[in-house]
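This report refers to the structure that appears directly beneath it.
Each value in this text was obtained by applying a stated rule to the coordinates, not by laboratory testing. None of these values were measured; they are calculated from a predicted model. Quick reminder, even Gly has a Cβ in these numbers, built from the backbone with ideal geometry, and neighbours come from all protein chains shown.
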Amino acid sequence: MPKVKGGKRPRQQLQEGRANGILFNTGAGQHILKNPLVVNSIIEKAALRRTDVVLEVGPGTGNLTVKMLEKVKKVIACEIDPRLVGELQKRVQGTCLANKLEIKVGDVLKTDLPFFDACVANLPYQEIPENFKISEKIQTVLKDTGYSEKRARSMDIDDFIQ
Ligand SMILES: C[S@@+](CC[C@H](N)C(=O)[O-])C[C@H]1O[C@@H](n2cnc3c(N)ncnc32)[C@H](O)[C@@H]1O
């Protein structure tokens, strides 16, 4: 069959990406950070401290999570997709990072969040209304715990464009 130049890819292919045998539902905002420079840049800009307890919303397969675990006291990672939770668990299992990671499986909007010092997340940006709700919840928890707003900062694509 001849190749059709400029033809549309099937919808399924457009919405899903694959890594380690896992199909990511990109239509539901599951975009995994692959570029280590971006991962390092996010962590650097978050100015994390050794003593920090970090909340990560949507760790996915843990590309950001493992890097943060190397730098901070603890990461509490809340992920809605149990398949990705399994991948994250496999990744830290048997390493010294495992006991610094607490995983909460479920929707962050319906999950009781314990105390945290900072929130670092690559939020599901396609789900814009949900995204706002997630940001609102994080702000509320930060205020409730008396967290200094000086360190609260959100980043967008402009932070990564030179
Ligand atoms: C943009 S991906 C980021 C994945 C990973 N942090 C990374 O940067 O590679 C967003 C992640 O948020 C998760 N997610 C989406 N909605 C969520 C919710 N309401 N509560 C918790 N996790 C959610 C998705 O399953 C996905 O893993």
For the residue pair N40 and S135, what label-to-label distance in nm results when each label sits 7 Å from Cα along the Cα-to-beta-carbon direction? 2.8
Members of K67/K104; K45/K110; K74/K133; K67/K90; K34/K71; K90/K137 lying beyond 26 Å, as alpha-carbon distances in this model show: K45/K110; K90/K137
Provide, in order from the shortest bin, the percent of all Cα-Cα pairs of region 30-101 in each 10 Å bin, continuing until the bin that contains the maximum pair distance. 20, 56, 24, 0
